[in-house]
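Undergrad: My structure is below; once you've seen it, I'll send some questions.
None of the figures in this text is laboratory data; all of them are computed from the coordinates on show. This is a predicted model, so every value here is computed, not measured. Every residue, glycine among them, receives a Cβ derived from its backbone with ideal geometry; neighbour counts consider all protein chains shown.
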Number of protein chains: 2
Amino acid sequence: MAARTQALSRERIVGAAVELLDAAGESGLTFRALSAQLRTGPGAIYWHVANKDELLIAATDAVLAPALAVGGADDTPQEAIRAVAVAVFDAIDGHPWIGSELSRASLQPAMLRIFERIGRQVQALGVPVAAQFAAASALRNYILGVGVQNAANARAAQPGADRTELLETAAGVWASLDPGEFPFTRAVAGQLSGHDDRVQFLDGVDLILAGIAGLRPPQ
Amino acid sequence: MAARTQALSRERIVGAAVELLDAAGESGLTFRALSAQLRTGPGAIYWHVANKDELLIAATDAVLAPALAVGGADDTPQEAIRAVAVAVFDAIDGHPWIGSELSRASLQPAMLRIFERIGRQVQALGVPVAAQFAAASALRNYILGVGVQNAANARAAQPGADRTELLETAAGVWASLDPGEFPFTRAVAGQLSGHDDRVQFLDGVDLILAGIAGLRPPQ
DNA sequence: ACCTGAACACCGTTCAAGT
DNA sequence: ACCTGAACACCGTTCAAGT
């Protein structure tokens, strides 16, 4: 069968939006570019999607929802939390625009999914009910903070750069700061360029998990 | 002396930008609105500021730098870290646009200031050198995550709403989620509307501080 | 019900021309 | 050195008109 123009649908629109965002970043997604790729007019998209915000939220969820389907049934709660954290980290690494998008709407489905996944494991850890909300929030906020930070790093650099190059650049800026005003930041600049930020991200998760462990009543 | 048109300057431009952002949010800052308020043409601003990104970074730093000048000399490291965290939290509460802006550029001065302040206190806590970077990063990432989240909440609601109203709205959404898919989020929805999110923010800081305490070698 | 594409009301940014 | 403001190259979104 010959290739034929497919009918427009919300799914096709969201899929094309993800492609544009991956290929050209946040500024690459315009209704004109999107409608050109879909071989239609810009107005057609509005029949399936209310506006650009809704499109961005849908694109974020389309990438994150499958990424969050990780972790075996026999994981410990700590392992399951690390698995969620790594899934979000890697999704943002592969699609930096997600990092900025997650920070635009707090009740978007992707954010709720992350919170829910973490919260169940916090329950499984035996954290008292009154402290579960704070514990799950702390983990989610940390993960969101790292993701946003990494997305900003990626946006600041040239499109092709990988994480190692980004860290080199940041290390250079840190090392050139005023020693009187930024002694600490300068002192740790060396660690920045050598380290694996994925490992350090998980160290931070473990730090919070260690704090959460202290919330558990003595058995 | 009669009021007279002041000469344009970077400071006046940044000050007017902060006023516009506070009054009308991120979408309120345009070069046309800004130049109208400064009684000049849009092109004049470009003599003092390279572009809109630089203007936003300068506006963020103009609000955060003085806010970070808190804390007495006799604070414990923990107290000093909490003071920095609260300063950032309150600055974002009063100027929600800062929350989004902080997430746009990782090497901007406001972000570096926060990291430096926290890092010095982490040193003072006696954390081993090799772990200082991870500890300071974890705290900064958590603070950034909360700030971004709160800014998103504020943007989602009507301009006048205070934090209590925002939480009520979120609690309503959470309570209406599918029980099969979101049991944890639904279960804690009740805690959301009753609690003080400023207190809970500090609970999260304490959680990380507790984890960091475990990094200290036994004396 | 769904698509078309011109038109509207904006943007950030540039730049020749002024003082 | 600094300011002016028209103009350029875009945006998101709407809507009459089509099928």
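Undergrad: Can you give me the Rg/Rh ratio for chain B, using Cα atoms for both radii and the Kirkwood formula for Rh?
TA: Values: Rg = 20.4 Å, Rh = 19.5 Å.
Value, to two decimals: 1.05.
Undergrad: Ok, one more. For the protein assembly as shown, give the magnitude of the charge dipole about the Cα centre (Cβ charges: +1 Lys/Arg, -1 Asp/Glu; no others), in debye to the nearest 20.
TA: 820 debye
Undergrad: Under 15 Å from the Cβ of residue A:157, count the other residues' Cβ atoms, weight Lys and Arg +1, Asp and Glu -1, and hand me the total.
TA: With Lys, Arg at +1 and Asp, Glu at -1, the neighbours total -4.
Undergrad: In peptide B:196-204, how many Cβ atoms from other protein chains are near each Cβ within 10 Å, on average?
TA: Working: counts 0, 1, 0, 1, 4, 4, 1, 7, 10.
For this peptide, the per-residue mean of nearby foreign Cβ atoms is 3.
Undergrad: Kirkwood hydrodynamic radius, segment A:52-91, all distinct C-alpha pairs: what's the number in Å?
TA: Values: mean 1/r = 0.0906 Å⁻¹.
By the Kirkwood definition, the hydrodynamic radius is 11.0 Å.
Undergrad: Moving to a separate point now. Compute the relative contact order of chain B as a whole-number percentage, counting only Cα pairs closer than 8 Å that sit 6 or more residues apart in sequence.
TA: In percent, rounded to a whole number, it is 18.
Undergrad: Go ahead and estimate [θ] at 222 nm for chain B from helices alone: -39,500 (n - 2.57) per DSSP H run with n ≥ 4, summed, over the residue count, rounded to 500.
TA: Values: 11 runs with 152 residues, N = 219.
Computed mean residue ellipticity for chain B: -22500 deg cm²/dmol.
Undergrad: What do the square roots of 5 times the Cα gyration tensor eigenvalues come to for segment B:95-219, in whole Å, largest first, as semi-axes of the equivalent ellipsoid? It would help to have the intermediate numbers written out before the result.
TA: Numbers: eigenvalues 199, 79, 27 Å².
Working from the Cα gyration tensor, I get semi-axes of 32, 20, 12 Å.
Undergrad: Now for a different question. In Å, what is the Rg of the alpha-carbon atoms in segment A:148-219, and how long is Dmax?
TA: In order Rg, Dmax, the Cα atoms of segment A:148-219 give 16.1, 53 Å.
Undergrad: Using all Cα-Cα distances in segment B:26-130, what percent lands in each 10 angstrom bin from 0 up to the longest?
TA: Taking all Cα pairs of segment B:26-130, the binned fractions are 13, 37, 28, 14, 7, 1 percent.
Undergrad: So how do B:138-150, A:103-115 stack up, highest first, on mean other-Cβ count within 10 Å?
TA: B:138-150, A:103-115
Undergrad: Report the FRET efficiency, 1/(1 + (r/R0)^6), for residue A:195 and residue A:78, where r is their Cβ-Cβ distance and R0 is 35 Å, rounded to 0.05.
TA: Working from the Cβ atoms, E equals 0.95.
Undergrad: May I ask for the angle, rounded to the nearest 10°, between helix B:129-156 and the longest principal axis of chain B, with both axes built from Cα atoms and the value confined to 0 to 90°?
TA: Tilt relative to chain B: about 60 degrees.
Undergrad: Just to confirm a number: summing +1 for Lys and Arg and -1 for Asp and Glu over residues other than residue A:184 whose beta-carbon lies under 13 angstrom from that of residue A:184, what do you get?
TA: Summing Lys and Arg as +1 and Asp and Glu as -1 gives +2.
Undergrad: I would also like to ask the following. How large is the translational diffusion coefficient of segment A:2-49 in µm² per second when you combine the Kirkwood radius over alpha carbon pairs with Stokes-Einstein at 10 °C and 1.306 mPa s?
TA: Values: Rh = 10.9 Å.
D = 146 µm²/s.
Undergrad: How would you rank A:12-23, B:122-133, B:89-100, B:30-41, highest first, on the average number of other Cβ atoms within 10 Å across their residues?
TA: The most tightly packed comes first, giving B:89-100, A:12-23, B:122-133, B:30-41.
Undergrad: Please check: in the Gaussian network model of chain B (C-alpha springs, under 10 Å), which one of B:79, B:181, B:101 has the largest mean-square fluctuation.
TA: B:181
Undergrad: Another question, if that's okay. What is the average number of partner chain Cβ atoms found within 10 Å of a Cβ in A:147-153?
TA: 6
Undergrad: Please state the charge dipole magnitude for chain A, taken about the Cα centre, from unit charges on C-beta atoms (+1 on K and R, -1 on D and E), reported in debye and rounded to the nearest 20.
TA: With only Lys, Arg, Asp and Glu charged at Cβ, the dipole is about 720 debye.
Undergrad: Okay, moving on. Using unit Cβ charges (K, R positive; D, E negative) and no other charged atoms, how large, in debye to the nearest 20, is the dipole of segment B:2-49 about its Cα centre? Before the final figure, lay out each step's value.
TA: On the way: 5 positive and 4 negative charges, 56 e Å.
Approximately 260 debye in magnitude.
Undergrad: Go ahead and set up a Gaussian network model of chain B, Cα springs under 10 Å, then flag whichever of B:64, B:167, B:177 fluctuates most.
TA: Taking springs between Cα atoms under 10 Å, the residue moving most is B:177.
Undergrad: GNM on chain B, C-alpha springs below 10 Å: top fluctuator among B:53, B:178, B:203?
TA: Of the options given, B:178 has the highest mean-square fluctuation.
Undergrad: Over the C-alpha atoms of the protein assembly as shown, what are the Rg and the largest Cα-to-Cα span, Dmax, in Å?
TA: 22.5, 83
Undergrad: Specify the inter-centroid distance of segment A:14-72 and segment B:133-197, based on alpha-carbon positions, in whole Å.
TA: Rounded to whole Å, the Cα centres lie 25 Å apart.
Undergrad: Then there is this: What does the average come to when, for each residue of peptide A:129-139, you count the partner chain Cβ atoms lying within 10 Å of its Cβ?
TA: 6
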